[in-house]
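Peer 1: So that we are looking at the same thing, I have put the structure below in structure tokens.
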Amino acid sequence: LGKYFKKQPCKLKQNMRLITLFLFLISFKICVVGQNNDFRTIQKFHRNNKTYKLDEINSNNYDSIVILKLDKQNLKRFPKVIFKLRNIQYLDISENNIRRIPCRIKKLERLKILFASKNKLKKIPNSVTKLDSILILSANDNGIKKISYRIGNLNKMISLEISGNYLKKLPKSFSELESIEKLHLQGNKFKELSIDFNKLNNLAYIGLSSNELTTFPATIGKASRLELIEAWNNQLKDLPESFSELKSLRKLILHENQFEKIPKSLLELDKLQEVTFFQNKINEIPEDIAKMNSLRVLNLSRNQLNALPSSIKQLERLEYLILSENNLTEFPIGVFELNRLISLDLDNNQISEIPANINQLRKLKILYLQDNKICNIPETLFELPELQYLYLDKDKFSTEEQKEIKEKLKDKFVYFK
């Protein structure tokens with residue numbers, strides 16, 4: 001976790017905020033069923049079979065090998081002995097220097113899991129599409145520019161990972177992957193997504209982050225079992241009306257895009273629990289946001305908000321509200337009726353006063369108020385029974401005032417920047 005946050009383009013206090021949020025979300029557990037099926041499949045293989053390595057293969061065990069791990073072996077090609085393993089079902093050749101998948105792979109008729117990430121592959125060839133039993137195919141972080149037009153033949157596949165490649169388009173048959181539950185397409189070169197979602201009725205997760213997308217296909221609404229969409233770091237400005245049909249959607253991650261408003265199609269999604277619009281251009285929140293009454297996490301940090309609508313108070317299940325780095329000049333009054341609110345982030349705004357009724361937030365544990373104009377703390381803030389973390393500006397309070405605040409919150413973490 002520490003290594004991840006060090007790579008992020010944000011300051012230490014932002015890292016602390018993200019770490020706190022991360023730890024909370026672990027307990028929050030927004031579950032996405034489709035993401036777990038591939039894990040259970042892999043776990044089952046390891047539980048029921050012995051794992052072999054290349055130097056353990058001999059003519060006496062050709063027929064008994066089900067799992068073969070050849071990762072990190074500096075291989076430049078598939079070892080020929082693999083094609084003698086008639087019962088192999090799980091093959092890991094990831095993190096090698098393999099440039100092509102040979103035609104002979106089609107002989108591995110029972111193969112169900114193929115890990116080929118972090119090699120030097122340029123394409124997914126026709127031979128792979130003849131592996132009728134494939135359930136999981138992972139080819140992340142190669143140099144893939146092309147996928148066989150027959151990819152749709154893999155109609156048993158539940159998980160496909162092709163992130164971190166150079167794909168610009170997908171073959172039409174991609175829309176025939178009727179069993180697919182999990183699609184990782186992040187970090188490619190897609191400007192549009194040529195997928196017809198009409199037959200992808202089992203899709204629960206799709207990852208589209210770090211592409212160049214400007215919109216979603218109009219048929220996205222047909223993926224009725226979608227629970228999680230990640231599409232951050234694109235060029236999205238709006239969502240199609242069909243988004244309103246995604247009644248199973250629970251989590252939507254759209255930070256670092258070009259949204260100027262919250263799309264109307266989202267307001268109809270009453271199961272949506274987490275929405276992230278971090279670093280967009282949103283300057284107004286619609287009154288109708290009250291319709292999103294299942295929301296538990298709302299991240300609108302780094303936008304252009306001047307105020308919140310009064311209807312924000314109707315988001316009765318909201319637990320995390322992140323509004324840092326906006327243009328707020330007043331403490332958002334509506335939040336005081338959010339009885340389940342655990343964390344409120346108002347860092348980097350223009351707020352000058354904390355209202356006395358801050359003590360209404362009886363569940364509040366984390367309060368971020370740094371980089372504002374606040375120089376006084378109402379006594380009612382010390383009445384918050386659950387407060388554990390408080391972040392304030394060092395230069396707005398004298399040494400004596402800082403000492404007094406820490407004394408009144410002596411069992412809490414109080415941080416003056």
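Peer 1: Can you confirm whether the range 215-228 contains a residue that is in contact (Cβ under 8 Å) with a residue 40 or more places away in the chain and surrounded by 20 or more Cβ atoms within 10 Å (Cβ to Cβ)?
Peer 2: At the first step, the residues of the range 215-228 found to be in contact (Cβ under 8 Å) with a residue 40 or more places away in the chain are 225, 227-228.
Then keep just the ones that are surrounded by 20 or more Cβ atoms within 10 Å (Cβ to Cβ); that gives 227-228.
Scanning the range 215-228, I find at least one residue that is in contact (Cβ under 8 Å) with a residue 40 or more places away in the chain and surrounded by 20 or more Cβ atoms within 10 Å (Cβ to Cβ), so the answer is yes.
Peer 1: Can I ask one more? In the list L193, L137, which residue meets the criterion of being out of contact with any Cys (no Cβ under 7 Å at 6 or more places or on another chain), more than 23 Å from Q235 (Cα to Cα) and of a type in the set (A, V, I, L, M)?
Peer 2: On the way: L193 fails: more than 23 Å from Q235 (Cα to Cα).
The conditions single out L137.
Peer 1: What number goes with the only condition from (1) surrounded by 16 or more Cβ atoms within 10 Å (Cβ to Cβ); (2) at pLDDT 95 or above; (3) within 26 Å of N283 (Cβ to Cβ) that Q350 does not pass?
Peer 2: Among (1) surrounded by 16 or more Cβ atoms within 10 Å (Cβ to Cβ); (2) at pLDDT 95 or above; (3) within 26 Å of N283 (Cβ to Cβ), the lone unmet condition for Q350 is (1).
Peer 1: Could you tell me which residue of the range 229-243 is farthest from F174 (Cα to Cα), considering only residues that are touching a helix residue (DSSP H, G or I) at 6+ places or on another chain (Cβ under 7 Å) and open to solvent by 20 Å² or more (accessible area, probe 1.4 Å)?
Peer 2: As a first pass, look at the range 229-243 and keep what is touching a helix residue (DSSP H, G or I) at 6+ places or on another chain (Cβ under 7 Å): 239-243.
With open to solvent by 20 Å² or more (accessible area, probe 1.4 Å) added as a condition, the list becomes 240-241.
Details: P240: 21, E241: 23 Å.
Checking each candidate, the answer is E241.
Peer 1: Another question, if that's okay. Enumerate the pairs (first residue in the range 312-335 and aliphatic (A, V, I, L, M); second residue anywhere and part of a helix (DSSP H, G or I) and surrounded by fewer than 20 Cβ atoms within 10 Å (Cβ to Cβ)) with beta-carbon separation below 6 Å, excluding pairs fewer than 6 apart on the same chain, so at least 6 apart or on different chains.
Peer 2: Filtered contacts from the range 312-335: I312/G334.
Peer 1: Quick check on D411: is it assigned to a loop (DSSP other than H, G, I, E, B) and either surrounded by 20 or more Cβ atoms within 10 Å (Cβ to Cβ) or of a type in the set (A, V, I, L, M) (or both)?
Peer 2: Numbers: assigned to a loop (DSSP other than H, G, I, E, B): yes; either surrounded by 20 or more Cβ atoms within 10 Å (Cβ to Cβ) or of a type in the set (A, V, I, L, M) (or both): no.
No.
Peer 1: Since N257 meets every condition but one in (1) modelled with pLDDT of 95 or more; (2) in a loop (DSSP other than H, G, I, E, B); (3) surrounded by fewer than 20 Cβ atoms within 10 Å (Cβ to Cβ); (4) not hydrophobic (A, V, I, L, M, F, W, C), which condition does it not meet?
Peer 2: Condition (3) is where N257 drops out.
Peer 1: Looking at K3, is it of a type outside the set (A, V, I, L, M, F, W, C) and either modelled with pLDDT under 55 or more than 24 Å from S179 (Cα to Cα) (or both)? Can you show your working first?
Peer 2: Details: of a type outside the set (A, V, I, L, M, F, W, C): yes; either modelled with pLDDT under 55 or more than 24 Å from S179 (Cα to Cα) (or both): yes.
Against the criterion (of a type outside the set (A, V, I, L, M, F, W, C) and either modelled with pLDDT under 55 or more than 24 Å from S179 (Cα to Cα) (or both)), K3 qualifies.
Peer 1: Restricting attention to the range 128-147, does a residue exist that is open to solvent by less than 10 Å² (accessible area, probe 1.4 Å), of a type in the set (S, T, N, Q) and free of Cβ contacts under 8 Å to residues at least 40 places away in the same chain?
Peer 2: The answer is yes; a qualifying residue exists.
Peer 1: Any chance you could count how many residues in the range 199-214 are surrounded by fewer than 17 Cβ atoms within 10 Å (Cβ to Cβ) and modelled with pLDDT of 95 or more?
Peer 2: Restricting attention to the range 199-214, the residues satisfying the condition of being surrounded by fewer than 17 Cβ atoms within 10 Å (Cβ to Cβ) are 201, 212, 214.
Those still in the list that are modelled with pLDDT of 95 or more too: 212, 214.
Qualifying residue count, the range 199-214: 2.
Peer 1: Sticking with this structure for a sec: Given the options S94, S64, name the one that is of a type in the set (S, T, Y), touching a residue at least 24 places away in the same chain (Cβ under 8 Å) and open to solvent by 10 Å² or more (accessible area, probe 1.4 Å). Quick ask: steps written out before the conclusion?
Peer 2: Details: S64 fails: touching a residue at least 24 places away in the same chain (Cβ under 8 Å).
Within the list S94, S64, the selection yields S94.
The values are calculated or read from the model by the stated rules, or taken from the named source; none is laboratory data. Here the structure is a predicted model, which is why all the values come from computation and not from measurement. Using ideal geometry, Cβ is built from the backbone for each residue, glycine included, and neighbour counts are taken over all protein chains shown. Protein only, heavy atoms only, side chains kept; ligands, DNA and RNA dropped before computing areas. Shrake-Rupley method; radii C 1.70, N 1.55, O 1.52, S 1.80 Å.
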